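Participant: Take this structure first; my questions come after.
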């Protein structure tokens with residue numbers, strides 16, 4: 001117990017930091033919130049009872065009976081039926097307009113048949129399905145009257161060749177011959193529109 005004891009000295013404590021800025025911020029935000037609530041209540045709450053009805057100058061039917069009954073009923077005129085205008089019939093498209101419309105589907109036919117030729121088995125089926133959907137769109141397109149009959153028969157032939165191609169892909173036999181016949185049908189359609 002002979003150890004020396006540390007000497008105790010008293011030092012003043014540092015002063016606490018001033019928080020007056022934080023207090024004023026809280027007070028200011030509280031006052032702003034109360035002001036916003038007061039303004040909203042002023043504008044949104046009704047004052048002086050409900051709104052009074054105001055007479056209008058436009059004639060409108062009323063639910064109350066009129067004060068002076070009329071001796072004879074006033075004749076009402078029945079509205080004249082208005083004619084409904086329909087769009088004029090679609091004109092015959094030119095070959096150039098029709099070519100622009102179907103060229104995307106015909107170009108994708110060549111690319112799709114190339115993909116089917118390079119694919120094997122079940123990988124080619126989605127491509128053939130896409131080609132059949134394009135053939136349906138080609139059939140739905142309105143061709144010019146000058147090539148209408150040959151276009152319809154050409155699209156029908158192309159669709160039949162695609163059906164045969166799908167069957168050949170599913171069976172796994174004779175797909176190259178079916179691809180060639182579908183490619184020939186698509187080429188006939190391309191030459192028909194001048195592609």
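The values are calculated or read from the model by the stated rules, or taken from the named source; none is laboratory data. Note that the structure is predicted; figures quoted are calculated from it, not measured. Cβ coordinates were reconstructed from backbone atoms using ideal geometry, including for glycine residues, and neighbour counts include every protein chain displayed.
Participant: Looking only at residues that are surrounded by 14 or more Cβ atoms within 10 Å (Cβ to Cβ) and within 14 Å of residue 170 (Cα to Cα) in the range 126-140, which one is nearest to the chain's Cα centre (by Cα)?
Facilitator: In this case the residue turns out to be 127.
Participant: Right, here's the next one. Check residue 153 against each of (1) in contact with a helix residue (DSSP H, G or I) (Cβ under 7 Å, 6 or more places away or on another chain); (2) at pLDDT 80 or above; (3) surrounded by fewer than 19 Cβ atoms within 10 Å (Cβ to Cβ) and name the one condition it does not meet.
Facilitator: Condition (1) is where residue 153 drops out.
A quick yes/no check of all residues on (1) part of a loop (DSSP other than H, G, I, E, B); (2) at pLDDT 60 or above; (3) in contact with a strand residue (DSSP E or B) (Cβ under 6 Å, 6 or more places away or on another chain):
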residue: 4; (1), (2), (3): yes, yes, no
residue: 14; (1), (2), (3): yes, yes, no
residue: 17; (1), (2), (3): yes, yes, no
residue: 27; (1), (2), (3): no, yes, no
residue: 36; (1), (2), (3): no, yes, no
residue: 52; (1), (2), (3): yes, yes, no
residue: 65; (1), (2), (3): yes, no, no
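Participant: Only residues that are touching a residue at least 24 places away in the same chain (Cβ under 8 Å) and more than 19 Å from residue 98 (Cβ to Cβ): list them for the range 127-159, please.
Facilitator: Hits for the range 127-159 are 128, 129, 131, 132.
Yes/no matrix, rows are residues, columns are (1) surrounded by 15 or more Cβ atoms within 10 Å (Cβ to Cβ); (2) more than 35 Å from the chain's Cα centre (by Cα); (3) modelled with pLDDT under 85:
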site: 120; (1), (2), (3): no, yes, yes
site: 124; (1), (2), (3): yes, no, yes
site: 142; (1), (2), (3): no, no, yes
site: 145; (1), (2), (3): no, no, yes
site: 160; (1), (2), (3): no, no, no
site: 172; (1), (2), (3): no, yes, yes
site: 175; (1), (2), (3): yes, yes, yes
site: 184; (1), (2), (3): no, yes, no
site: 187; (1), (2), (3): yes, yes, no
